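Questions regarding the structure given below will be posed in turn.
The values are calculated or read from the model by the stated rules, or taken from the named source; none is laboratory data. Bear in mind that the values here come from a model prediction, so they are computed numbers and not experimental data. Every residue, glycine as well, gets a Cβ built from its backbone with ideal geometry; the counts of neighbours run over all protein chains shown.
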Amino acid sequence: MKVLVTGGAGFIGSHVVDALVADGHEVVVADSLLPKAHARRPTYLNRAATFVRVDVRDSTALMRLVDGCDAVSHQAAMVGLGRVFADVTDYVSHNDLGTAELLKVLYATGFTGRLVIASSMAVYGEGSYVCDEHGEQRPGPRSRGDLEAGRWDPLCSGCGRALTATPTTEEQTVDPRNVYAATKLHQEHLALLFGRETDVSVAALRYHNVYGSRMPRDTPYAGVASIFRSSLEHGRAPKVFEDGRQLRDFVHVEDVARANLVALSNPDARGYFNIASGEPHTIGDMADVLTGAFDTALVPEITGDYRLGDVRHVTGSPDKARRELGWTPTIAFEEGVVRTFARQSLRVGST
Ligand code: UD1
């Protein structure tokens, strides 16, 4: 098939391009090479794909690229959490308006293929919890007072006792807690509405904490693994916030790329899907395994610092993606972290 990948020069998009090319598809990449994400043109762009520097908000240019495509993978977005609230207009412009322009073009050209959009576990806000006595809970934001006092874990709203974190499923209510999350949710809604109106199959992939080669580094978009790597490269111990026991689901970017490939190839791929490994790990685990991959005497430091906007635990169940897309994550945590961050692989320049 012929596939348009928006944001195909980015961390995840470029792996989607590689997976499609490896599977024998014709790929057109549309990417604006946002200076905030790309200091220069990346060297890893797949030569077998056609690269066009274009902003998805430019519907005239997009119109030409969509022509003849069987599927569209929409990865272009501003990611991470903005530095200040004033970034709101940039996020809305790139993410909401960018998606709206793409959908308008697909509608205008009578597109009948498949659409896959990149969403995020950020739409859930805090993860899911259960109280032995009061059942399922979705705690609200943690207060500054609790965080200052090191009370990291949300408690049961009924009895104030400790809760057990459980993997979020796609049925959970959404609770976006930052501008990025709000734009991702809006993007999902717009795309799914478009799917209903046109009968195009639309799948929104809710990525959990994606890591792997080409991760953004030293930018506001860098995830914790990338931050830890930078520290180690500069001879500093990774700084682990809170008590290090907060849970995330780290999913390898090559598994994420394969999830895109199967969703793009499957006409029944409709709705929301968690793209998660199903293997929750603490941030402390990530710091330990990553530090181990560096073969250094440094040890991660548990700082007790916090970021007010952070959720405590959020992990995802990949069961729906397994069942309905036939996608199974294959790269185990330790293997993926070592493969991505081992000092040896840094030397040969595979990042
Ligand atoms: C994502 C956002 C984050 C936002 C949060 C809201 C990105 C890269 N991060 O965080 O800005 O507040 O959603 O839900 O988009 N950590 C450390 N040490 C560090 C950096 C982070 O211990 O130097 C911890 C954080 O406190 C957090 C965990 O690592 O508990 C994961 O952080 P991150 O990689 O930013 O991912 P999210 O929590 O998903």
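Would you say Thr328 is away from the ligand (no atom under 11 Å from the Cβ) and at pLDDT below 95?
no
Can you name the number of the only condition in (1) within 20 Å of Val210 (Cα to Cα); (2) in contact with a helix residue (DSSP H, G or I) (Cβ under 6 Å, 6 or more places away or on another chain); (3) more than 14 Å from the ligand (Cβ to nearest atom) that Glu335 fails?
It fails just one condition, (2).
Mind listing just one residue for me: the one in region 277-297 that is of a type outside the set (Gly, Ala, Ser) and closer than 15 Å to Ala342 by Cβ and, of those, nearest to the ligand (Cβ to nearest atom)?
Among residues in region 277-297 that are of a type outside the set (Gly, Ala, Ser) and closer than 15 Å to Ala342 by Cβ, the one nearest to the ligand (Cβ to nearest atom) is Met286.
Kindly list, by first and then second residue, each pair from a residue in region 214-232 that is assigned to a helix (DSSP H, G or I) and surrounded by fewer than 17 Cβ atoms within 10 Å (Cβ to Cβ) to a residue that is modelled with pLDDT of 90 or more and not hydrophobic (A, V, I, L, M, F, W, C), limited to pairs with Cβ atoms under 8 Å and residues at least 6 apart or on different chains.
Ile227/Pro238
Looking at Glu242, Glu254, which is the one that is charged (D, E, K, R), surrounded by fewer than 23 Cβ atoms within 10 Å (Cβ to Cβ), touching a helix residue (DSSP H, G or I) at 6+ places or on another chain (Cβ under 8 Å) and not in a loop (DSSP other than H, G, I, E, B)?
Of the residues listed, the single one that is charged (D, E, K, R), surrounded by fewer than 23 Cβ atoms within 10 Å (Cβ to Cβ), touching a helix residue (DSSP H, G or I) at 6+ places or on another chain (Cβ under 8 Å) and not in a loop (DSSP other than H, G, I, E, B) is Glu254.
Something else about it: Of (1) at pLDDT 95 or above; (2) more than 9 Å from the ligand (Cβ to nearest atom), Gly235 satisfies all except one. Which?
Unmet condition: (1).
Look through Glu197, Glu188, Glu170 and report the one residue that is more than 30 Å from Gly304 (Cβ to Cβ) and either modelled with pLDDT under 95 or assigned to a loop (DSSP other than H, G, I, E, B) (or both).
Going through Glu197, Glu188, Glu170 in turn, the sole match is Glu170.
Does region 199-216 contain at least one residue that is farther than 30 Å from Glu26 by Cα, among the basic types (Lys, Arg) and within 15 Å of the ligand (Cβ to nearest atom)?
No.
Another question, if that's okay. Output the number of the condition that Asp199 fails; it satisfies all remaining conditions of (1) surrounded by fewer than 17 Cβ atoms within 10 Å (Cβ to Cβ); (2) farther than 30 Å from Lys104 by Cβ.
Of the numbered conditions (1) surrounded by fewer than 17 Cβ atoms within 10 Å (Cβ to Cβ); (2) farther than 30 Å from Lys104 by Cβ, the odd one out for Asp199 is (2).
One line per residue, one yes/no per condition, for (1) at pLDDT below 95; (2) farther than 30 Å from Met1 by Cα; (3) surrounded by 17 or more Cβ atoms within 10 Å (Cβ to Cβ):
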site: Val262; (1), (2), (3): no, no, yes
site: Asp268; (1), (2), (3): yes, no, no
site: Phe273; (1), (2), (3): no, no, yes
site: Asp285; (1), (2), (3): no, yes, yes
site: Thr296; (1), (2), (3): yes, yes, no
site: Thr303; (1), (2), (3): no, yes, no
site: Tyr306; (1), (2), (3): no, yes, yes
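Another question, then. Look through region 107-138, keep the residues that are within 14 Å of the chain's Cα centre (by Cα) and aliphatic (A, V, I, L, M), and return whichever of them is nearest to the ligand (Cβ to nearest atom).
Result: Ala122.
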